[in-house]
Amino acid sequence: MEVLEDSVSAWSCKQVAQWLQERGFGEYVELLCGQHRLDGPSLLALTEADLRGPPLGLTVLGDIKRLTIALRRLQRRNQAQLEELGLRPADSSPAEQLLGTAGREWSCDGADRRCNGGDRFYNGTELRLRNGDRSALCSASTAHTHYNGRCRQHLSGRLDPEVWKTTVSSIYVFFVFGFTSFIMVIVHERVPDMRTYPPLPDIFLDSVPRIPWAFAMAEACGVILCYMFILILLLHRHRSILFRRLCSLMGTVFLLRCCTMFVTSLSVPGQHLKCVSKTYGDIWGKMQRALLIWSGFGMTLTGVQTCGDYMFSGHTVVITLLNFFVTEYTPRSWNLIHTISWVLNLFGIFFILAAHEHYSIDVFIAFYITTRLFLYYHTLANTRAFQHSRRARIWFPMFSFFECNVNGPVPNQYHWPFSKPAFMKSMIG
């Protein structure tokens with residue numbers, strides 16, 4: 001018996017399966033109704049993008065188009081039910097489909113911005129929708145956002161900054177740095193005696209003569225990268241999300257570093273390092289020394305000297321992570337910024353090795369772990385794959401907590417956060 005198409009919102013999964021069978025889509029019944037429990041309301045909400053993307057991932061173009069046409073016909077016959085469910089009718093104008101329902105505010109100031117030269121492109125002069133007023137629409141009614149050099153159609157709704165989560169991530173990295181400083185004090189007490197454990201063979205250190213001023217130059221590279229990132233963070237519209245991601249990644253890598261340098265104590269990499277085992281007395285002495293390291297950011301430029309924290313290089317972690325954030329959250333057309341960032345990253349690594357402050361393996365492992373973690377984190381966040389994976393939510397609970405409300409890639413949009421000077425606000429946005 002054929003199912004009636006005028007009461008779709010009351011359909012069960014079984015009726016949806018029958019409707020699919022009657023229209024020649026029987027091969028998708030198990031996927032849609034069995035695995036994903038599609039009922040009447042969810043069938044009305046189904047779009048072509050849902051069919052193409054995860055978790056459905058249909059690949060036969062003809063089936064996608066035919067099923068999309070059938071869905072549009074079904075939606076047109078059930079417009080009243082669509083409105084009750086808060087969904088737009090299937091035959092609404094393209095501009096309305098793009099802009100969505102009333103109540104949201106959309107704006108693009110300026111005329112016809114291009115993706116190559118800026119970070120946003122709007123086909124038209126002004127795109128606004130305020131309190132249901134759809135009178136001022138752009139000519140093509142299409143908005144694009146610049147994602148690292150590529151223009152993609154995008155509904156430019158606001159991403160929730162969730163400042164409270166950013167505060168949590170800041171507290172997290174604050175305590176991780178404090179814990180790392182304390183572990184560095186413990187490790188200093190266990191530094192192997194160089195007379196018993198001489199420096200290990202290392203191809204790079206054995207081949208390249210030591211440059212005394214190189215480590216200070218490595219830290220200078222890190223400071224410049226830090227200033228570059230702070231400037232991007234200040235101007236980026238989604239600065240809260242950027243800072244939250246930096247804190248969560250930085251804290252996680254340094255927490256791993258605490259484990260590795262506590263478990264394995266490598267011998268000092270060079271005879272020039274006057275590192276000997278040093279005891280700081282009771283717990284309060286250790287805490288004072290840890291506070292000194294923490295307040296000086298563990299940098300020799302601030303007068304902090306540490307020993308034994310070799311596996312793996314914290315300086316490499318910081319320099320590499322800052323470089324990746326600078327290049328990720330600026331448009332690909334900003335070639336000069338990207339080149340400077342990578343040059344600082346690579347020279348910083350070279351200077352660390354040239355100063356003979358770390359073994360080559362320390363630097364290699366630090367670079368590998370930092371880059372892989374950054375790429376895995378952003379791949380999961382941009383594809384939203386963790387939403388459909390129970391294993392990902394179990395193994396990465398902190399990631400799921402921080403990213404659960406960030407829908408897809410973060411667009412590179414900039415604006416001047418202050419009211420003055422006016423020319424900066426008009427120039428940046």
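The values are calculated or read from the model by the stated rules, or taken from the named source; none is laboratory data. What you are looking at is a predicted structure, and each value in this text was computed from that prediction instead of being measured. All Cβ positions, even for glycine, are placed from backbone atoms using ideal geometry, and neighbour counts span all protein chains on display. What goes into the accessible areas is simple: the full protein's heavy atoms, side chains included, and nothing from ligands, DNA or RNA. Shrake-Rupley method; radii C 1.70, N 1.55, O 1.52, S 1.80 Å.
Key figures for this structure:
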quantity: Cβ-Cβ under 6 Å pairs, at least 6 apart or on other chains, the range 337-349 side open to solvent by less than 80 Å² (accessible area, probe 1.4 Å), far side in a helix (DSSP H, G or I) and of a type in the set (A, V, I, L, M); calculated: Ser341/Val326; Leu344/Ile224; Leu344/Leu225; Asn345/Ile319; Gly348/Ala218; Gly348/Ile319; Ile349/Val363
quantity: Residue within the range 177-191 that is open to solvent by less than 90 Å² (accessible area, probe 1.4 Å), outside any helix (DSSP H, G or I) and modelled with pLDDT under 95 present; calculated: yes
quantity: Per-region count, the range 393-407, residues in contact with a Leu (Cβ under 7 Å, 6 or more places away or on another chain) and either over 17 Å from Glu162 (Cβ atoms) or modelled with pLDDT under 75 (or both); calculated: 0
quantity: Among residues of the range 192-213, those that are of a type in the set (A, V, I, L, M, F, W, C) and open to solvent by less than 50 Å² (accessible area, probe 1.4 Å), counted; calculated: 4
quantity: Matching helices (runs of 4 or more DSSP H) fully within the range 352-414 where at least 3 residues are surrounded by 14 or more Cβ atoms within 10 Å (Cβ to Cβ); calculated: 360-383, 397-403
quantity: Pick from the range 295-336, criterion farther than 30 Å from Lys274 by Cα and of a type in the set (Val, Ile, Thr), ranking: most open to solvent (accessible area, probe 1.4 Å); calculated: Thr327
quantity: Residue identified as small (Gly, Ala, Ser) and either touching a His at 6+ places or on another chain (Cβ under 7 Å) or over 28 Å from Val410 (Cβ atoms) (or both) among Gly303, Gly314; calculated: Gly303
quantity: Condition broken by Phe364, with the remaining ones in (1) touching a residue at least 60 places away in the same chain (Cβ under 8 Å); (2) hydrophobic (A, V, I, L, M, F, W, C); (3) under 26 Å from Ser181 (Cβ atoms) satisfied; calculated: (1)
quantity: In the range 331-355, residue farthest from the chain's Cα centre (by Cα) [restricted to those that are among the hydroxyl-bearing types (Ser, Thr, Tyr) and modelled with pLDDT of 95 or more]; calculated: Thr339
quantity: Cβ-Cβ under 7 Å pairs, at least 6 apart or on other chains, the range 264-286 side closer than 28 Å to Ser360 by Cα, far side of a type in the set (Ser, Thr, Tyr); calculated: Leu266/Tyr310; Leu266/Tyr359; Ser267/Tyr197; Pro269/Tyr310; Pro269/Tyr359
quantity: Residue list for the range 194-230, restricted to those being free of Cβ contacts under 8 Å to residues at least 40 places away in the same chain and part of a helix (DSSP H, G or I); calculated: Asp206, Ser207, Tyr227, Ile230
quantity: Qualifying residues in the range 330-348 (those that are part of a helix (DSSP H, G or I), out of contact with any helix residue (DSSP H, G or I) (no Cβ under 6 Å at 6 or more places or on another chain) and of a type outside the set (Phe, Trp, Tyr)) - the one nearest to Gly298 (Cα to Cα); calculated: Leu346
quantity: Condition met for Phe423 (in a helix (DSSP H, G or I) and surrounded by 12 or more Cβ atoms within 10 Å (Cβ to Cβ)); calculated: no
quantity: One residue from Leu67, Leu74, Leu51, Leu31 being part of a helix (DSSP H, G or I), without any contact (Cβ under 8 Å) to a residue 40 or more places away in the chain and open to solvent by less than 20 Å² (accessible area, probe 1.4 Å); calculated: Leu51
